[in-house]
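Here the structure is laid out as structure tokens; the discussion comes afterwards.
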């Protein structure tokens, strides 16, 4: 089947879900894609397809970061569903470092928990500029004062970590209700996306500098070659461009990009800010790994210490 081309008509923003384990991040991610799919703005993604690493299934928790895509009327989003489980914070950092903004999910039944605080701190440390709060499971709380208290605690936490606690949007909803098609909670998912559209700013994209992409993951496609994935930090990349692979003893190995893809769609070119897969000619899977960078030849000097 021929792959469809990626539509660049809307500005592209990277966001994600963060927060404490079991507070509903993956359910919310599934609910967003489900509600937007009804409006023709997303492909339906089930909870199971997002919660996709083998270790996660057994424990019912998300470990590796998982990527989905969707659109609102105004924007195209790449969405990273980050793990809440403490052992896997490094995956969370890799995911969060790529975000232009994030939705922090907090269960109204619990209020802020240790990882809620940890994830807000991490978002601050990796320079996620703005957060939107989704208070989940409000259908399970009868006392309006309890909801007010949780909102107040979240605003205080945000302010403590130098986010704008006074003005950050806080949306109260039920991810499961939205996922299951309850109109009241579907409306809250749309309200959340409006808040994301309006509060999370379009990031400046550094497309005038030389091409540079840190490698996040590597896999091979039988018959086609090796694919390196990551977020383009600066510059642009076109099919048939020559690149250099640098770091961890790679010693400036050169290759040619034979394909650029995002979300299994073909791109004419990749730009700064895009999460892409680059198909590399003549490179074996074991010659490139996470932590290396792919760059325009001669633009980066490796340091050997």
Selection count where residues are out of contact with any strand residue (DSSP E or B) (no Cβ under 6 Å at 6 or more places or on another chain), outside any helix (DSSP H, G or I) and within 16 Å of residue 117 (Cα to Cα), scope the range 130-155: 1
Of the conditions (1) surrounded by 17 or more Cβ atoms within 10 Å (Cβ to Cβ); (2) in contact (Cβ under 8 Å) with a residue 40 or more places away in the chain; (3) over 30 Å from residue 174 (Cβ atoms), the single one that residue 192 does not satisfy is (3)
The residue from 254, 301 that alone is outside the structural domain of residue 99 (by TED's automatic domain parsing), exposed (fewer than 15 other Cβ atoms within 10 Å of the Cβ) and touching a residue at least 40 places away in the same chain (Cβ under 8 Å) is 254
Do we have any residue at all in the range 94-110 that's out of contact with any helix residue (DSSP H, G or I) (no Cβ under 7 Å at 6 or more places or on another chain) and in a helix (DSSP H, G or I)? yes
Can you name the condition, by its number, that residue 199 falls short on among (1) over 30 Å from residue 167 (Cβ atoms); (2) surrounded by fewer than 20 Cβ atoms within 10 Å (Cβ to Cβ)? (1)
Given the options 206, 284, 274, name the one that is surrounded by fewer than 19 Cβ atoms within 10 Å (Cβ to Cβ) and closer than 19 Å to residue 15 by Cα. 206
When the range 222-238 is examined, which residues are found to be surrounded by 16 or more Cβ atoms within 10 Å (Cβ to Cβ) and part of a strand (DSSP E or B)? 225, 226, 227, 228, 229, 230, 231, 234, 236, 237
With respect to the numbered conditions (1) exposed (fewer than 13 other Cβ atoms within 10 Å of the Cβ); (2) within 18 Å of the chain's Cα centre (by Cα); (3) in a strand (DSSP E or B), which one is the sole condition not fulfilled by residue 219? (2)
Is it fair to say residue 213 is assigned to a helix (DSSP H, G or I) and in contact (Cβ under 8 Å) with a residue 12 or more places away in the chain? no
What single numbered condition from (1) in contact with a helix residue (DSSP H, G or I) (Cβ under 8 Å, 6 or more places away or on another chain); (2) under 23 Å from residue 37 (Cβ atoms); (3) at pLDDT 95 or above; (4) crowded, with 18+ Cβ neighbours inside 10 Å fails to hold for residue 157? (2)
Looking only at residues in the range 156-173 that are within 23 Å of the chain's Cα centre (by Cα) and assigned to a helix (DSSP H, G or I), which one is nearest to residue 195 (Cα to Cα)? 158
Do we find a residue being modelled with pLDDT of 90 or more, more than 26 Å from the chain's Cα centre (by Cα) and more than 15 Å from residue 212 (Cβ to Cβ) anywhere in the range 256-272? yes
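The values are calculated or read from the model by the stated rules, or taken from the named source; none is laboratory data. Since the model is a prediction, treat every value here as computed from it, not as a measurement. Counting neighbours? That spans all protein chains shown, and the Cβs are built from the backbone with ideal geometry, glycine included.
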